[in-house]
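The next block holds one structure in the form of C-alpha cells; read it before the comments.
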Amino acid sequence: MSFNIAIDGPAGAGKSTIARAAARNLGFLYVDTGAMYRAIAFSLIRSGVEPEDEAGIEKVLESMTIRIVYSDGEQQILLNGENVTAFLRDEAVGNMASRSASNPKVREKLLQLQRDLAKENDVIMDGRDIGTFVLPDADVKVYLTASVEERAKRRYLELIEKGQDADMEKIKEDIRTRDTQDMNRSIAPLKQAKDAVVIDSSKLTIPEVMDRIVDAFQESLKLKG
Ligand code: DC
C-alpha cells in the first residue's frame, strides 16, 4: 500500500517549497494539484472562456486531456499532449485557477487523476482540499499556513528577485481575495482537516517546517507498525 502525505493551506504559505523538498528527502513523488487547476485555467484563458461561463467551461473540458509525467523528479503537465508547465506560474493564471476551481466539473475532471497518483505511488500532494476531500485517509495531514503579511513579503521578494515589478499593497490584496475565494466556495473549500497537524510558517525557517513534517511522518510510521 502506498504512503500518502497531504499538505493543504492558503496561497503563499510555502506548500510547494516544503512539499518538493520533503518529497526529495523521503523519495516520494511530489504532486502539485494547484498546477493542475492552473493548467485548466490556462486552457480557459487561451480559449477566451470566462470563469463564470459554465457551458463554455464544459465544452473546453470535454475535449481536454490532462496527463502528468515526471522529468528529473519534477512534475510536468501535458495539456492535450503539449507540455504547458512553463506557462502556469503567472499571476493571471493563478487568479483564473482560483476562480474556475469553484466549478464542480473542473474539480471532477481532476479528482480521479489525483486519487490514482496517490494509489499507485508514495506521494506528498499539496493543494486546498487534499486532506479533507481528495485523500481523506492520508497517513499524514498537514495544514500549512502563514500570516497575510508574511506571505505577501515572500511573494514580494520572489518578484523582486526575478527582476519584476512588485507592489506590496496589491500583493496583499490579491492574497486576501484568493483566500476569500478558496475558503468560501461551496465545493471543496480550503479548510483545516480535523486530524491535520497545523504548522504556522510565519516565524519558522524552511528546515524547521521540514523537521515538523518529518516528525509527523515518523509518528505515523510508528502508528502503522
Ligand atoms: O496552489 P496554487 O496557488 O498553485 O493553486 C492555484 C489555485 O487552484 C488556488 O487558488 C485554488 C485552486 N486549487 C484548488 O481549488 N484545489 C486544489 N487542490 C489546488 C488548487
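Taken together, the values in this text are just the output of simple stated rules run on the coordinates, not laboratory data. Note that the structure is a prediction, hence the values are computed from the model and not measured. As a convention, Cβ positions derive from the backbone with ideal geometry for all residues, glycine included, and neighbour counts pool all protein chains shown.
General remarks:
- Residue count for region 60-92 under the criterion of being surrounded by fewer than 17 Cβ atoms within 10 Å (Cβ to Cβ) and away from the ligand (no atom under 14 Å from the Cβ): the result is 18.
- Going through (1) closer than 16 Å to ASP32 by Cβ; (2) within 13 Å of the ligand (Cβ to nearest atom) one by one, ASN95 falls short only on (1).
- Residues that are in contact with a helix residue (DSSP H, G or I) (Cβ under 6 Å, 6 or more places away or on another chain) and among the aliphatic types (A, V, I, L, M), drawn from region 68-112: ILE77, LEU79, VAL84, LEU88, VAL93, MET96, ALA97, ALA101, VAL106, LEU110
- Residue tally, condition in contact with a Gly (Cβ under 6 Å, 6 or more places away or on another chain) and of a type in the set (Gly, Ala, Ser), over region 1-33: 1
- Scope region 150-164; condition in contact (Cβ under 8 Å) with a residue 40 or more places away in the chain and either away from the ligand (no atom under 15 Å from the Cβ) or on the phi > 0 side of the Ramachandran plot (or both); matching residues: GLU150
- Any hit, region 116-132, residues being small (Gly, Ala, Ser), within 12 Å of the ligand (Cβ to nearest atom), in contact with a Ser or Thr (Cβ under 9 Å, 6 or more places away or on another chain) and in contact (Cβ under 8 Å) with a residue 24 or more places away in the chain: yes
- Elements of the type helices (runs of 4 or more DSSP H) sitting completely within region 96-191 and holding at least 2 residues that are touching a strand residue (DSSP E or B) at 6+ places or on another chain (Cβ under 7 Å) and under 28 Å from VAL60 (Cβ atoms): these cover 104-120.
- Only one of the numbered conditions (1) buried (at least 16 other Cβ atoms within 10 Å of the Cβ); (2) away from the ligand (no atom under 12 Å from the Cβ); (3) among the hydrophobic types (A, V, I, L, M, F, W, C) is violated by LEU190, and that is (2).
- Counting only helices (runs of 4 or more DSSP H) that fall entirely inside region 1-73 and contain at least 2 residues that are polar (S, T, N, Q), the qualifying elements are 15-26, 33-47.
- Per the conditions (1) free of Cβ contacts under 8 Å to residues at least 60 places away in the same chain; (2) assigned to a loop (DSSP other than H, G, I, E, B); (3) surrounded by 12 or more Cβ atoms within 10 Å (Cβ to Cβ), the sole criterion not satisfied by VAL198 is (2).
- The residue that is surrounded by the most Cβ atoms within 10 Å (Cβ to Cβ), counting only those in region 26-40 that are closer than 14 Å to ALA92 by Cα and touching a helix residue (DSSP H, G or I) at 6+ places or on another chain (Cβ under 6 Å), is ILE40.
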